[in-house]
Amino acid sequence: MAATQEETFKKLVAHCKEYGFVFPSSEIYDGLGAVYDYGQNGVELKNNIKQYWWNSMTLLHQNIVGIDASIFMHPTVWKASGHVDAFNDPLIDNKDSKKRYRADVLIEDQLGKIEEKIQKEVDKAKKRFGDNFDEAMFRQTNGRVLEYQAKWDALHQRYSQAMNDMNLDELKQIILDEEIVCPISGTRNWTDVRQFNLMFATEMGSTADGAMKIYLRPETAQGIFVNFLNVQKTGRMKIPFGIAQIGKAFRNEIVARQFVFRMREFEQMEMQFFVRPGEEMKWFEYWKQFRLKWHKALGLGDDKYRYHDHEKLAHYANAATDIEFLMPFGFKEVEGIHSRTNFDLSQHAQFSGKKIEYFDPELNQSYTPYVIETSIGVDRMFLSIMCSAYKEEQLEGGDSRVVLSLPPVLAPVKCCVMPLVKKDGLPEKAQEVMNLLKFDFKTSYDEKDSIGKRYRRQDAIGTPFCITVDHDTLVDNCVTVRNRDTMLQERVNIDNLHEMIRKEVDPKELYRKLMD
Ligand code: GAP
């Protein structure tokens, strides 16, 4: 991360705490590693993200329904899904610092360093050649770039192979050959690479009765698979159809870092779309396109997204891609789209001894459906939005402000009503205006400090509209509406306020965009 981006990210984390978005968990006891609580503004933003996702699935697709499965599941679920045997991270310790790392992350960081070197060459050339610069041509012909690219390709190939084979000795050898050092001790004194299972285990029932070892779910998806027949039968669902779910998941992440990006307790929004065998690639493409459109519709900037197709596929997948977002620490996965074949349903059929099939009346045959999964982390989505919204602006006259340019539809508070002064009947009028709006929009009221300070407080939490009631309001029924982004003010009749705000914050406008 470049120094300035790192500083901005630190400021964003501090801002999230100062303005009630995210707090470290159990902070009065010095916190708990990689566990966070959402505050009064954070929870509103998070709920708005969830609502946007939920409705884009269940409102816009008549063949998608939702469920809410429990976190605790029968332990055999995780045996069948492969998580007991294969949900592991390859770990390596540095013997001098005693710090533990994920071997794959160390190697990926090394790949990232080579990418940075290439980018530096490109940026230098861009500066030199100005408007005439042909980046694609430069990348194909520049000697130094080609040298770095060849190095990257070779390392990537070796790394992918080692990960595919889960060859732990080879992972260690790559770390040694690449002369990767521990960021803390600066030494190359590494242990062997070992496997570490990421699931949290606990016990259900009293020990006297014979307690059962159960797991906190590491993904919400399995709750959908085990309910496939329940939903299909009771909902009379016809293939293709989907089941959506939002819920908590838990992973004992070893390298938990970058704030809410990688946590031990997090929230997922997952949808499993059940299709005919052989049609999975068509639907994989559909969901790839639709999910990217969903992200882009928020207007955070089309250039901030890219696909990353997987070469190393999870044990259940025959195709997979990530949607990555440009965070201050580089392009990072926010969502995964996976073609999971019929692996999960077949496994559950085998382990439970139940027949889990679908009778297709058009084909007049039964089969185990194939599955396309879309899986997005609420917290990562939250972080991507906060990162792109956080701005420090210098204003005319030497003043400055911190503003969150959140998509209005997601903003925690849509409007704040303020009486110019705390007397002359203005607070009462302002309350009246607030009461007009509060049933449709999350509205707040603020009468403390100067108007300027009140504007800054609302900018800092991303409120799109500030509505000031002044003495003229009592005469002309108009208020001053100040726009968060342009800071322009306009007089608006109170009767027109509702429609003005609705146009900007109504999620229906977004849903329409998705259906275009
Ligand atoms: N059911 C498939 C599945 O869980 P995944 O790629 O492991 O796939 C899906 O996770 C999404 O969940 C990721 O793209 C990410 O947004 C989110 N996620 C995964 N681990 C996370 C963590 N430790 N903290 C926050 N979000 C996480």
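The values are calculated or read from the model by the stated rules, or taken from the named source; none is laboratory data. In this text the structure is predicted, and so the values were computed from the model without any measurement. We place every Cβ from the backbone using ideal geometry, glycine too, and count neighbours over all the protein chains shown. Accessible surface areas use protein heavy atoms only, side chains included; no ligands, DNA or RNA. Shrake-Rupley method; radii C 1.70, N 1.55, O 1.52, S 1.80 Å.
Considering each residue of region 235-243 in turn, none proves to be part of a strand (DSSP E or B), within 15 Å of the ligand (Cβ to nearest atom), open to solvent by 10 Å² or more (accessible area, probe 1.4 Å) and modelled with pLDDT of 95 or more. For region 333-359, taking the residues that are among the aliphatic types (A, V, I, L, M) and within 11 Å of the ligand (Cβ to nearest atom), the one that is nearest to Arg236 (Cα to Cα) is identified as Ile337.
Would you say Tyr286 is more than 12 Å from the ligand (Cβ to nearest atom) and either aromatic (Phe, Trp, Tyr) or crowded, with 19+ Cβ neighbours inside 10 Å (or both)? For Tyr286, the condition - more than 12 Å from the ligand (Cβ to nearest atom) and either aromatic (Phe, Trp, Tyr) or crowded, with 19+ Cβ neighbours inside 10 Å (or both) - is met.
Taken over region 394-416, residues that are open to solvent by 20 Å² or more (accessible area, probe 1.4 Å) and among the β-branched types (Val, Ile, Thr) amount to 2.
Taking Glu324 as the residue in question, decide whether it is within 20 Å of Lys50 (Cα to Cα) and open to solvent by 10 Å² or more (accessible area, probe 1.4 Å). Judged against the criteria, Glu324 is a match. When each of Phe274, Phe261, Phe225 is tested for being crowded, with 21+ Cβ neighbours inside 10 Å and touching a Pro at 6+ places or on another chain (Cβ under 9 Å), the lone residue that passes is Phe274. The residues on offer are Val35, Val13, Val65, and the sole one that is open to solvent by 10 Å² or more (accessible area, probe 1.4 Å), among the hydrophobic types (A, V, I, L, M, F, W, C) and over 19 Å from the mean Cα position of the chain (by Cα) is Val65.
Has region 360-382 got any residue that is part of a helix (DSSP H, G or I), open to solvent by 10 Å² or more (accessible area, probe 1.4 Å) and within 16 Å of the ligand (Cβ to nearest atom)? Yes. Flag: Gly330 matches the condition of being within 16 Å of the ligand (Cβ to nearest atom) and either open to solvent by 50 Å² or more (accessible area, probe 1.4 Å) or on the phi > 0 side of the Ramachandran plot (or both). Restricting attention to region 191-224, the residues that are under 30 Å from Ile175 (Cα atoms), more than 16 Å from the ligand (Cβ to nearest atom) and of a type in the set (S, T, N, Q) total 2.
Counting only residues that are outside any helix (DSSP H, G or I) and without any contact (Cβ under 8 Å) to a residue 24 or more places away in the chain, which one in region 396-411 is farthest from Leu510 (Cα to Cα)? Within region 396-411, the match that is farthest from Leu510 (Cα to Cα) is Asp399.
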